[in-house]
1. Among B:156, B:116, B:101, determine the one that fluctuates most according to a GNM of chain B built with springs between C-alpha atoms less than 10 Å apart.
2. Compute the Rg/Rh shape ratio of the protein assembly as shown: radius of gyration over Kirkwood radius, all on alpha-carbon atoms.
3. Quick one: A:177, B:107, fewest Cβ neighbours within 10 Å first, how do they rank?
4. What does the convex hull of the Cα atoms come to per residue for chain C, in Å³?
5. Nearest 10 degrees, 0 to 90: what angle lies between the long axis of helix A:10-33 and the longest principal axis of chain A (Cα atoms)?
6. Considering chain A as a Gaussian network with a 10 Å cut-off on Cα pairs, which listed residue, A:36, A:115, A:89, attains the greatest mean-square fluctuation?
7. Can you sort A:23, A:54 so the residue with the fewest Cβ neighbours within 10 Å comes first?
8. Which percent of Cα-Cα pairs in chain B sits in each 10 Å bin, short to long?
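Every number in this text was worked out from the coordinates using simple rules, so none of it is lab data. Being a predicted model, the structure only gives us computed values, none of them experimental. Positions of Cβ are backbone-derived with ideal geometry, glycine not excepted, and every protein chain shown enters the neighbour counts.
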């Protein structure tokens, strides 16, 4: 196989990417933490970050695995309450220095793991079903989580989630930096998994489950794996949400919330991580930018969803996935790549 | 390629090529049968295939040939009978386990991973040939790099059998029909099987493509030492390449033997090849 | 004795709410049977119907009969329009797209009405009042009687329509095999529109009955109601009309019994738990037919 293209060799690519990412994190944190940026703007950025993680995590189960789970908010809720209860229990607000950061890291990891466990518990039965049935059963589970969070205290006999009145005075541990860090880590981890044999297995299930099975892919295992990963990151996002808001209510994690996240994924293009990132950003920032718009937000959401499905069901970016080094390659080989693309579609 | 006439000998269970005698048959099927509700789709299906034999399964449409393939790969669980792959009974196993044990297949209606590239399609076939775990993927440990590189080389080498290595980055759904069929075969090969089930691989091919396919199947068999079972309607292909043929009608085997024997078998002629005059045409 | 009468009144409650669930569930089942779509917007048609009654009665002071007719007509038209505008263009798209569109329409209706009318509940005082019936120490309210009677009548009517008329036959044919039905000369668009019309009309009736039982309308009333009716349809076997009726009453009764046991905060949870159990044990529901994929 001869290559006339100039390619960047593997280890170099990773180095370039890593350096760029670290620079980006440092630069943006410095920028945001400076006086140039208002607290309001910082808050919006944090919410954008949380929504990015939510969209990107849902994309694993919808875009990559090809299912339509409608209970994503349930996993977010699990993570949020896990993080909130944990942070209150260890009294993180009073911690200082290293202990403080340790608590934050522990809360995030714990939230993800607990949400991930729910992902397995729900995924194993739910993923036996397909299509519409999977959609409804995950919807059912999401609602049950909400109902349980609202009423569990009466069963337990003590105050755990504080039910409908809400879990309050959660230490506000969420900052721009740790949101950004979580966003970057989530995206990187998901990307690493998808560009491996595990990721290919997941995609093959989406494409043709029967064929995947005939190639030796253990479909149940990978379906649960994708679902669990999706739940894990939703849980992390939930924890960040708890640390941002400072208080939680079960009613904010209902079917509506799951749909809000779904809209982001659908708009961006199911199967495109970049698409999810972009649309999460746009759909969070836009209503804020146009304050008067905010009453209409949900109406516009719904309209966007419907119109998108009718006119461009593959979303803005379809299944296009982002690769920094691939862009650099294209820049280095402009004519070749144009010609190759044409040839490919003619074959 | 020389056209040696294979001599089939009787072994317990059926007939296999003389050269394979002494080794355990790669696949042995005994009294396989399946009922769908009140309908018996396949019944009393006995079959043995030698280690690197090219066998054929023919019969009129609806005879149950694809059903047999589905049974062999445990897509359907048989109602009765046994499937022994290298001596191991596959009853109750899932399809992916059966593939790991050594059966790979292609599909009558092509089942490719359409939005993935040609290379990815083959790499998915190589999934179980790589062993690195999730941790290795996330942390990009050396095992990941090494195994991915080897897999890619192996995949390209498999694609080169059909001269498709330059199509590696093309999306499978964009390939022309014939290339899609060939890709399915490559993908099946990538799973490192002991036996390859090809469901109408020559469908939609013109005579020169079919001749090429014949060459390639023989080459695959010689290079990898695997058995091949073909479901086909193209009699030219079947008679030329298959060493042993089983004829299926209404879910039952009505004849077994070498191509010559089958060609002359009156039961087969009546059920499938039509009257004597048509059989003579098929021969040419 | 007091316990029995409480039980009895809970049973009546169950039948009453079950009737409403059943009417709505029928709409879900009919639409799913014919175009394999879970019409999430269906529950919100009830909400629209209820608002029509409110506008017509409380605002314009029309006679209840007029309001009822308006509600049914508007619901029917809305259902048909939604189908034509949002679902018909996607008939050949993957089912996922259709599902998402339905969700979008549902949200559009809910949020749209919230925007226009505000989030608060609109009270429709004393709609459809009449004498209640006394059985010993137990009372059956007028609205309960009306609800149950009307529902049974509608079901009988629908069954007749589906089994005995040409249009009903067309509906059944299309749900069996869309392609073959067309080849037999059945007009697909008309049949599908009619199915939506029927389902939405039933929803319109359900909205009226709902108002007579609960007396108020709010933008999100259709949401939970629709979801539970949907569970009822799945329980009965989605695509099966007798199943939808059965499912509706079962869900209604289940909720009533849970309330009777003093656990009414867990009502929603119980309904969804039923959904999950059904989907895991017998996904095709009590009366549904299994579907297999050809390899």
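1. Fluctuation is largest for B:116.
2. Details: Rg = 31.6 Å, Rh = 31.0 Å.
Value, to two decimals: 1.02.
3. Details: A:177 16, B:107 22.
Fewest-to-most Cβ neighbours within 10 Å comes out as A:177, B:107.
4. Numbers: hull volume 41.2 nm³, N = 295.
Measuring per residue, one finds 140 Å³ for the Cα hull of chain C.
5. 40
6. For chain A, modelled as a Gaussian network with Cα springs under 10 Å, the answer is A:36.
7. Working: A:23 10, A:54 31.
Starting with the residue having the fewest Cβ neighbours, the order is A:23, A:54.
8. 6, 28, 35, 22, 7, 2, 0
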